[in-house]
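Supplied in structure tokens, the structure appears directly below.
The values are calculated or read from the model by the stated rules, or taken from the named source; none is laboratory data. All values reported here derive from a predicted model rather than from experimental measurement. Note: ideal-geometry Cβ built from the backbone for every residue, glycine included; neighbour counts use all protein chains shown. Just so you know, the surface numbers come from the protein's heavy atoms only, side chains and all, with ligands and any DNA or RNA stripped out. Shrake-Rupley method; radii C 1.70, N 1.55, O 1.52, S 1.80 Å.
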Amino acid sequence: MKTKAFISLIFLSILICCKSEKEKIFEKSIVGEWNFDKFIILKKENNPEEPPPLPFMAKNGYIFHSDKTCIFKPGFVSMIEGKSREENQILYLGNSTKYKIKNDSLKIQNLETNKWNNYKIVSITSDTMTLQKTEDELLKYYKTNYVINPNENYDKIIVSSSGCYGTCAIFDLLISKNDNSLFFGERYNSKNGIFSAKISKDLFKEIENSFKKSNITKLKNRYSSNWTDLNEISVTFIKDNKIIKTVSDYGGEAPDEFRMSYLRTNYLYQTLDLQNKKEILPFQSIGQVSKSNKLIYFEKSEIFYLFYLLLNGKELPAKKISTIYTLKGFGKNDEETEIKSDGRFFVFNNRLIDIGFNFFELNDFTNRNLD
């Protein structure tokens, strides 16, 4: 009996030791940055293959650290339903959480449910990770190694959301490396209105680097889904007052890293100390811009950049200018205001604002390529 017990104890010790070695291998291999690749649906008898979720709902990524913390790139959010659809809110819960590995199981703490999401680790190689989410579903991730160009720098980044048929947030957010940032929430935000805010240089650099992983200048100008009634996000990158690049994404069709970067900024305003912005203009938004009665096309984030420039422009004594451009502005009660401009000076209600440079000539909107 003693011999059998001794053998059993040795066998159990070996088993525990093997499990510990397996865990150590997984813990070492998982450290790094991973992006979602694809779903794999396992076929079973008498159980037809189910289609995977819509692509724009599936894309995500993780950054696993050796100290058992990880970053869920899009961030965790929670939906708070109001008495009416207009009062529905999405609250940002952060993107930093904990993880642990036990035997062949990966557990990630979900900040929304405060529970641990459990995945079986099928395999982790130097460039691929396969997790089993359910009995019939595998998740495949690929490891990323980004080279960030230190010479690619921006002064401002603008993210705008158009809204959708449901309760997608409608907002504009401009963040600046010099702290002078602006948020305009229209609908379905936890705060609506015009607010100024400050962000640290480190936070701006973090967000900028996140976008730079997607190779900004190589992105297409527009991405579009075949689905209808979806949200459209436009992101504009500014350097020395000039629009370097604007990318519009309808329905989440942009490359993964770009999409996860703007998802990170969608709720950034909830983490900032927002200060009410005293309105110095008789409008809250610019509806359209024309030159010689011909409309000039803007993405939402670009028109917000012009709005930002007007809010921060220098007011001068009114004077007559050569009218080249006509802008239509809309106030709180949807009243329309017409603004005349030569590109640098903007006149309305016998007031004149100087933004310091010719906005339209610098960005050459009339000859832009929208493809």
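For region 132-141, does any single residue satisfy the condition of being touching a helix residue (DSSP H, G or I) at 6+ places or on another chain (Cβ under 7 Å) and in a loop (DSSP other than H, G, I, E, B)?
Looking through region 132-141, none of the residues is touching a helix residue (DSSP H, G or I) at 6+ places or on another chain (Cβ under 7 Å) and in a loop (DSSP other than H, G, I, E, B).
Next question, about the same structure. Looking at 303, 339, 321, which one is at pLDDT 90 or above, surrounded by fewer than 19 Cβ atoms within 10 Å (Cβ to Cβ) and either assigned to a strand (DSSP E or B) or hydrophobic (A, V, I, L, M, F, W, C) (or both)?
On inspection, the qualifying residue turns out to be 321.
Next question, about the same structure. Of everything in region 241-251, what is open to solvent by 10 Å² or more (accessible area, probe 1.4 Å) and either at positive phi or over 18 Å from the mean Cα position of the chain (by Cα) (or both)? Give them in sequence order.
Those that are open to solvent by 10 Å² or more (accessible area, probe 1.4 Å) and either at positive phi or over 18 Å from the mean Cα position of the chain (by Cα) (or both): 241, 242, 243, 244.
Let me ask something else. Please name all residue pairs, on different chains or six or more residues apart, with Cβ atoms under 9 Å, provided the first residue is in region 252-263 and is of a type in the set (Ser, Thr, Tyr) and the second residue is part of a loop (DSSP other than H, G, I, E, B).
261/213; 261/214; 262/254
Among the residues of region 266-288, write down those that are in contact with a strand residue (DSSP E or B) (Cβ under 6 Å, 6 or more places away or on another chain), aliphatic (A, V, I, L, M) and at pLDDT below 90.
The answer is 286, and nothing else.
Checking residue 159 against (1) loosely packed, with under 13 Cβ neighbours inside 10 Å; (2) within 25 Å of the chain's Cα centre (by Cα): exactly one of these is not met. Which one?
Going through (1) loosely packed, with under 13 Cβ neighbours inside 10 Å; (2) within 25 Å of the chain's Cα centre (by Cα) one by one, residue 159 breaks only (1).
With the structure loaded, tell me whether residue 263 is closer than 27 Å to residue 203 by Cα, at pLDDT below 90 and not in a loop (DSSP other than H, G, I, E, B) or whether it fails that test.
Answer is yes for this residue.
Now for a different question. Which residue out of 148, 199, 108 is within 21 Å of residue 91 (Cβ to Cβ) and modelled with pLDDT under 95?
After ruling out the rest, the residue left standing is 199.
Out of (1) open to solvent by less than 10 Å² (accessible area, probe 1.4 Å); (2) without any contact (Cβ under 8 Å) to a residue 40 or more places away in the chain, what's the single condition that is false for residue 238?
It is condition (2) that residue 238 fails.
Of everything in region 162-185 that's assigned to a strand (DSSP E or B) and without any contact (Cβ under 8 Å) to a residue 40 or more places away in the chain, which residue is least open to solvent (accessible area, probe 1.4 Å)?
176
Under the condition of being open to solvent by 20 Å² or more (accessible area, probe 1.4 Å) and among the acidic types (Asp, Glu), which residue from region 191-230 is nearest to residue 273 (Cα to Cα)?
By that ranking, first place goes to 202.
Still on this structure, I have one more. Could you check residue 174 against (1) out of contact with any Lys or Arg (no Cβ under 8 Å at 6 or more places or on another chain); (2) at pLDDT 95 or above and say which number it fails?
For residue 174, the failing item is (1).
Would you mind listing the strands (runs of 3 or more DSSP E) fully within region 65-113 where at least 1 residues are on the phi < 0 side of the Ramachandran plot, open to solvent by 30 Å² or more (accessible area, probe 1.4 Å) and charged (D, E, K, R)?
89-102, 105-110
Still on this structure, I have one more. Which of (1) surrounded by 14 or more Cβ atoms within 10 Å (Cβ to Cβ); (2) part of a helix (DSSP H, G or I); (3) at pLDDT 90 or above does residue 36 not meet, given it meets every other one?
Condition (2) is where residue 36 drops out.
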